[in-house]
Amino acid sequence: MLKIRKARLTDVPALLGLINDYAARGIMLPRTEFELCESLRDFTVAMEIIDGEEHLAGCGALHFYTTQTAEVRSLAVAERRKTTGIGRKIIEALLEEGREFKLDLVFAFTYAEGFFTKCGFEVVDRGSLPLKAWKDCVRCPKFSCCDEIPVVFLLSPEAVANTQRTTIDETFSLVEIKPLHPAWAESPGEEIRMPTPIQPTGRGLMQR
């Protein structure tokens, strides 16, 4: 039996173990106990019920940047539960949370663009997402040579209605969003232009 719920303080040790195991392999940013407690309310967890006890099977966080945008972070699935659909269930729960907060879009930086595109995300140019917090990036060992793929999911009908896609050539199209809210852009009325590959390539599983 699997249960999807918001994280609790009692989940912190298991979350640290799961996240930092991936961090040790260079797939995810490491977290300290202080950092995890500080951002615990961002986290949703998948708990496997065995003999009446909960065991962490996966996690993911939704971190807010503006009143209209948030990032999916620290998406990880326990080795014993890979390829069982848990990652998709966590993403669905995070997107539903975004809808409840009436967000316009959710983005992520990932090595698993294939997984995210199957969940409805679109690959975009990293320059189109200026709201990514540098406080995380500057401590990443790959800061000067980042190879993560930025992806975005349009949540609101307004965001979808104000999105245009124009094919540039065989490998590139242009996703262009006219924001309805000033929080989307640096100044009111500014357009967000997102170059995106039409056929993203598949990679690993996890994301920062």
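Every read-out reported here was derived from the displayed coordinates using simple, explicitly stated rules and does not represent laboratory data. Here the structure is a predicted model, which is why all the values come from computation and not from measurement. Neighbour counts run over all protein chains shown; Cβ positions are idealised from the backbone, glycine included.
What is the local net charge at ARG5, summed over the other residues whose Cβ is closer than 11 Å to its Cβ (Lys, Arg +1; Asp, Glu -1)?
Details: positive: LYS3, LYS6, ARG8; negative: ASP11, GLU54.
With Lys, Arg at +1 and Asp, Glu at -1, the neighbours total +1.
If you project the alpha carbons of region 31-108 onto the principal axes, what extent comes out on each, in Å, largest first?
Rounded to whole Å, the extents work out to 41, 28, 20 Å.
Would you mind counting up the charge near GLU92? Only other residues with Cβ under 15 Å from its Cβ, with Lys and Arg at +1 and Asp and Glu at -1. Write out the running numbers ahead of the final one.
Working: positive: LYS3, ARG5, LYS6, ARG88, LYS89, ARG99, LYS118; negative: GLU96, GLU97, GLU100.
Once positives and negatives cancel, what remains is +4.
Once Rh is set to the Kirkwood radius over Cα pairs, what Stokes-Einstein translational diffusion coefficient, in µm²/s, holds for region 31-75 at a temperature of 10 °C and a viscosity of 1.306 mPa s?
Working: Rh = 11.9 Å.
For these conditions, the coefficient is 134 µm²/s.
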